[in-house]
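The values are calculated or read from the model by the stated rules, or taken from the named source; none is laboratory data. On a predicted model such as this, the values are computed, not experimentally measured, just so you know. In this analysis, Cβ positions are derived from the backbone assuming ideal geometry, glycine residues included, and neighbour counts consider all displayed protein chains. We work out accessible area using only protein heavy atoms, side chains counted, and drop any ligands, DNA or RNA first. Shrake-Rupley method; radii C 1.70, N 1.55, O 1.52, S 1.80 Å.
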Amino acid sequence: MQEPIYDFGLIGLGTMGNNLLLNMADHGFEVAGYDKDLEKVKVLANEKGDIYAAETIEDFVNSLEKPRKIMLLVPAGKIVDYVLADLLPLVDEGDIIMDGGNSYFKDTERRQTECEKHGHYFLGIGISGGAEGARRGPSMMPGGNKKAYDKVKPILEAVAAKVGKQPCVTYLGEGSVGNYVKMVHNGIEYGLMQILAEAYDVMKRGLGMTNDEIGDAFTDWNEKELQSFLVEITARIFRVEDQETGKDVLDLILDKGKQKGTGKWTSQDALDVGVPIPTIDLAVIARAISAFKQDRVAASEILTGPETVIKKDKKAYIRRLKNATLFSFLVTYAQGMDLLKHASVEYKYNLDLEGVAKIWRGGCIIRAKMLEDFRRAYKKDADLANLLVDAGIAKKVNKTQKDTRTVIADSVKAGIPLPCIGACLAYFDSYRTARLPMNLTQAQRDFFGSHTYERLDKEGIFHTEWGEKNV
Ligand code: 6PG
């Protein structure tokens, strides 16, 4: 029987799990891993360092020091429940189970209740950064019981990405907040990725640029305000050749977007909470439209549009497009943060938005230079109504909106769809409009359904007899 000597255990030895264990071992922790798939256990057993690769879940559990600290890194959904069903009979009171996958936040609440019934702790920990992040330092978004978090804090802080000396992990609060914050992270990720795809479309089809030229433009954008992981990898993608054909890999990739669900959940929950995040909604929709490839190919023979050309001086136009991208990035983050602000009230998360901006500065997929500006904005005013009204951010969006309008107008004329960049501008224009035409909608509701309305000139609830005779 295995001696209980290991500090931390991980179930789910995919690339991420394996890499996270190697990262922990690098930091001097004694760790154990287990997977139902013995091939994966073998891979771990062949890694260097003091890592125990357990062949049975019993050996794995017995190898851990108490209170046991066990992280699951398995695909979100039913598999988490299956693993828990195997694990729970083997663990003891006070043991800490962590779910590091992209689990739906309401599933985490259910699992927390179940675990607490048996005296175990269950933390939902959003982890971002992919396989590379797990190996070199991810950003982690933990939520659940504070005392349990404090027991795993040293190890999480040691392996997390660092900005300066600060680890990209912080306790976010009780319940499912860790998974919720990770869900919104992914929603923002969908938005930013779609914005970059739209900028690519403008450069490729609108301006007729080559892949090399587009790669150079993204490289240049990554130097300054737009500096971010997603812009960086986008620039790199344009330089990769397919070994077999010698063509650019990008040109060979089928234009059908796939998704695992976190973007959709963000939109669904934002609708429930009543917070507008149109850029994220449209990013989900852009993937959905793209999935109908066959239909689009057929429709392209039937439905007509203008010539997809933007006849402008390339160099000057790329600058405008960069500003439109910067504008859209800022507005997308603002929507995501706004959702977190309101969800925090709805779900009683008591979330510290400065803390969220802080741990998103490094390690995660949406890490970007501008996150430091957001952190400062929330440090200055923790109750900021919206990131866009912070003086520094307002200055940037006010300055870049003009170029955003130009790019959208030219793309509309050229028949190039910019759903997310367009949604950013519409959100901005709606949000900065003191009087929207919603008075008419309210009047219509009252007309056909006596739904009543409020007035500008006096308090109360009103109804008008709109004149049935005239209908
Ligand atoms: C991360 C990523 C990660 C994953 C996405 C992909 O933060 O490391 O967001 O969680 O790559 O879930 O999501 P889709 O498959 O839905 O694009």
Provide the solvent-accessible area of TRP265, counting protein heavy atoms only and rolling a 1.4 Å probe, rounded to the nearest 10 Å². 60
On each of the three principal axes of the Cα atoms of the range 8-175, give max minus min coordinate, whole Å, ordered largest first. 39, 39, 27
Calculate log10 I(q)/I(0) of the chain for q = 0.12 Å⁻¹, where I(q) comes from the Debye formula with a single equal point scatterer on each Cα and nothing for solvent. -1.10
In what sequence, largest accessible area first, do MET438, MET98 appear using a 1.4 Å probe? MET438, MET98
One finds the C-alpha centres of the range 316-395 and the range 174-198 to be spaced, in Å, by 12
With every protein chain kept in place and a 1.4 Å probe, the chain has an accessible area per residue in Å² of 50
Rounded to the nearest 10 Å², what accessible area does ILE461 have for a 1.4 Å probe in the complete protein model? 120
Can you pull the Kirkwood radius for the range 182-431, inverse mean 1/r over Cα pairs, to one decimal in Å? 18.8
Treating only the Cβ atoms of Lys and Arg (+1) and Asp and Glu (-1) as charged, compute the dipole magnitude of the chain about its Cα centre; round to the nearest 20 debye. 1720
I'm a student and want to see the number: the projected area of the Cα convex hull of the range 33-109, averaged over all directions, in nm². 5.5
Carbon and sulfur atoms: what percent of the 1.4 Å accessible area of the chain do they account for? 52
Quick one: compute the contact order of the chain, relative version, from alpha carbon pairs under 8 angstrom and 6+ residues apart, as a percent. 13
For LYS315, the lysines lying under 23 Å Cα to Cα, once residues fewer than eight places off in the same chain are dropped, come out as LYS204, LYS224, LYS396, LYS399, LYS402, LYS413
Solvent-accessible area of GLU47, probe 1.4 Å, all protein chains present, reported in Å² to the nearest ten, please. 60
Contact order relative to length for the range 182-431, counting C-alpha pairs under 8 Å separated by 6 or more residues, stands in percent at 29
